[in-house]
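*Asks:* Got a structure for you, questions after.
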Amino acid sequence: MLQTKGYAAQQAGAALEPFTFDRRGVGPKDILVQIHYCGVCHSDIHQARDEWGGSIFPMVPGHEIVGTVAQVGMEVKKFREGDRVGVGCFVDSCRTCVSCTKGLEQYCDTGMIFTYNGMDKDGEPTYGGYSNHIVVDENYVLNIPDGLSLEGVAPLLCAGITTYSPLRQWGVGKGHKLVVVGLGGLGHMAVKIGRALGAEVTVLSRSDRKRQDAERLGASDFASTSQAGTFTRLARTFDFVIDTVSAPHDLNAHLDLLKTDGTYILVGVPPESIPVNAFSLILRRRRLVGSLIGGIRETQEMLDFCGEHSLPSDVEVIPISQINDAYERVLQGDVRFRFVIDMASLENTL
């Protein structure tokens, strides 16, 4: 067993605090990753506060993990000590179902094993990246391309793949008009990736506050939902909508942004169900689809794509001691565009 230092929520809604726990030892096919940075995802907050139900405590959040290989098992073939690596939202799956054999481990028929707030194959709880190291099977570890900073890569392991996967799946590219709803951790990567794929990108946000950010990120247009007439002006304009918003909003008004045969992609998860009027879909033969991260193969493809196009996340690096304040700032939309924890700061708190 490996004694590990981290930060944990001891119960739903509790402030995160220093926590020491044990990880399994390095097995024949395992890699010990020394964690340098871990991104802060909105889902960390949802789960630490048990807003989706089923949370396991104590909980060490964090599934946007980057670091270097500190030790490899005797049968490991893909990595060696010193390699720059990443670990995303899951650390294992059944490996034998139809989804897993297709490289779609995120849709594993028996359920992927989440990096944290899950149970491993031995029935032990999984703990995430708000910690100094993690042990993961080599088949669920990713290579980080040269040229991208570690801190800028961390959010790609969730926000990056969550937006890349559906944009690729539905063939967004040159000649298409794409509107990105919400300009946060997910939205800002959707803008960067959509533009790199060749689409003309518009950002739709609640106010004008992020207009300059949208332009800097590569959007060709920006619109505010608080401005009268926005939905009328933009009606039936876009081939694709990617909706990254986790707050309740009028889905039917947003669906009318699509042309005939347009595709509306949901990646945000509002806390409550949102009603959909059938006429919003059938009168223009529109599609309403959803998407959840990506498999290991596609996540590596995304990292390589972001490396080729120089697309790191825009981040604000914080010490672990500021994590509780960071959670509150995320809820207020006060971050450009993802917090990333410098895990070296953990040594100063324990």
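The values are calculated or read from the model by the stated rules, or taken from the named source; none is laboratory data. Everything numeric here is computed off the predicted structure, so don't read it as measured data. Note: ideal-geometry Cβ built from the backbone for every residue, glycine included; neighbour counts use all protein chains shown.
*Asks:* Tell me yes or no: at least one residue of region 158-174 is of a type in the set (Lys, Arg) and modelled with pLDDT of 95 or more.
*Replies:* Scanning region 158-174 turns up at least one residue that is of a type in the set (Lys, Arg) and modelled with pLDDT of 95 or more.
*Asks:* Mind checking whether some residue in region 247-263 is within 27 Å of VAL317 (Cβ to Cβ), modelled with pLDDT under 95 and outside the structural domain of GLN47 (by TED's automatic domain parsing)?
*Replies:* yes
*Asks:* While we're here: What helices (runs of 4 or more DSSP H), lying completely within region 65-169, carry at least 3 residues that are out of contact with any strand residue (DSSP E or B) (no Cβ under 6 Å at 6 or more places or on another chain)?
*Replies:* The helices (runs of 4 or more DSSP H) meeting that bar are 98-101, 159-169.
*Asks:* Does GLY198 satisfy the criteria of being of a type outside the set (D, E, K, R), modelled with pLDDT under 95 and touching a Gly at 6+ places or on another chain (Cβ under 7 Å)?
*Replies:* No: the conditions fail for GLY198.
*Asks:* Kindly provide the set of residues from region 210-252 that are in contact (Cβ under 8 Å) with a residue 24 or more places away in the chain, in contact with a Lys or Arg (Cβ under 7 Å, 6 or more places away or on another chain) and under 15 Å from ALA190 (Cβ atoms), ordered by number.
*Replies:* Within region 210-252, ASP213, LEU217, GLY218, PHE238, ASP239 qualify.
*Asks:* Another question, if that's okay. Anything in region 205-220 that is over 21 Å from the mean Cα position of the chain (by Cα) and assigned to a helix (DSSP H, G or I)? List them, or say none.
*Replies:* ASP208, ARG209, ARG211, GLN212, GLU215, ARG216
*Asks:* All but one of (1) in contact with a Ser or Thr (Cβ under 8 Å, 6 or more places away or on another chain); (2) loosely packed, with under 13 Cβ neighbours inside 10 Å; (3) among the basic types (Lys, Arg) hold for LYS259, so report the exception by its number.
*Replies:* Answer for LYS259: the failing condition is (2).
*Asks:* Run GLY198 past the list (1) of a type in the set (Gly, Ala, Ser); (2) part of a helix (DSSP H, G or I); (3) under 24 Å from VAL289 (Cβ atoms) and report the number of the one that doesn't hold.
*Replies:* In the conditions (1) of a type in the set (Gly, Ala, Ser); (2) part of a helix (DSSP H, G or I); (3) under 24 Å from VAL289 (Cβ atoms), GLY198 misses (2) alone.
*Asks:* Does region 67-93 hold any residues that are farther than 27 Å from ALA159 by Cα and in contact (Cβ under 8 Å) with a residue 60 or more places away in the chain, and which are they?
*Replies:* The answer is VAL72, GLY73, VAL76, LYS77.
*Asks:* Could you pull out every one of the strands (runs of 3 or more DSSP E) wholly within region 1-57 that has 1 or more residues that are touching a Ser or Thr at 6+ places or on another chain (Cβ under 7 Å) and of a type in the set (A, V, I, L, M, F, W, C)?
*Replies:* Once the strands (runs of 3 or more DSSP E) in region 1-57 are filtered for at least 1 residues that are touching a Ser or Thr at 6+ places or on another chain (Cβ under 7 Å) and of a type in the set (A, V, I, L, M, F, W, C), what remains is 17-23, 30-39.
*Asks:* Among (1) at pLDDT 95 or above; (2) over 26 Å from ASP109 (Cα atoms); (3) surrounded by fewer than 19 Cβ atoms within 10 Å (Cβ to Cβ); (4) under 22 Å from the mean Cα position of the chain (by Cα), where does GLU301 come up short?
*Replies:* (2)
*Asks:* Kindly establish whether ARG336 is over 23 Å from GLU51 (Cβ atoms), at pLDDT below 95 and either not assigned by TED's automatic domain parsing to the domain that holds ALA196 or not aliphatic (A, V, I, L, M) (or both).
*Replies:* yes
*Asks:* Which residues, taken from region 103-161, are of a type in the set (Gly, Ala, Ser) and either surrounded by fewer than 18 Cβ atoms within 10 Å (Cβ to Cβ) or closer than 12 Å to GLY86 by Cβ (or both)?
*Replies:* GLY103, GLY111, GLY123, GLY129, GLY147, SER149, GLY152, ALA154, GLY160, listed by residue number.
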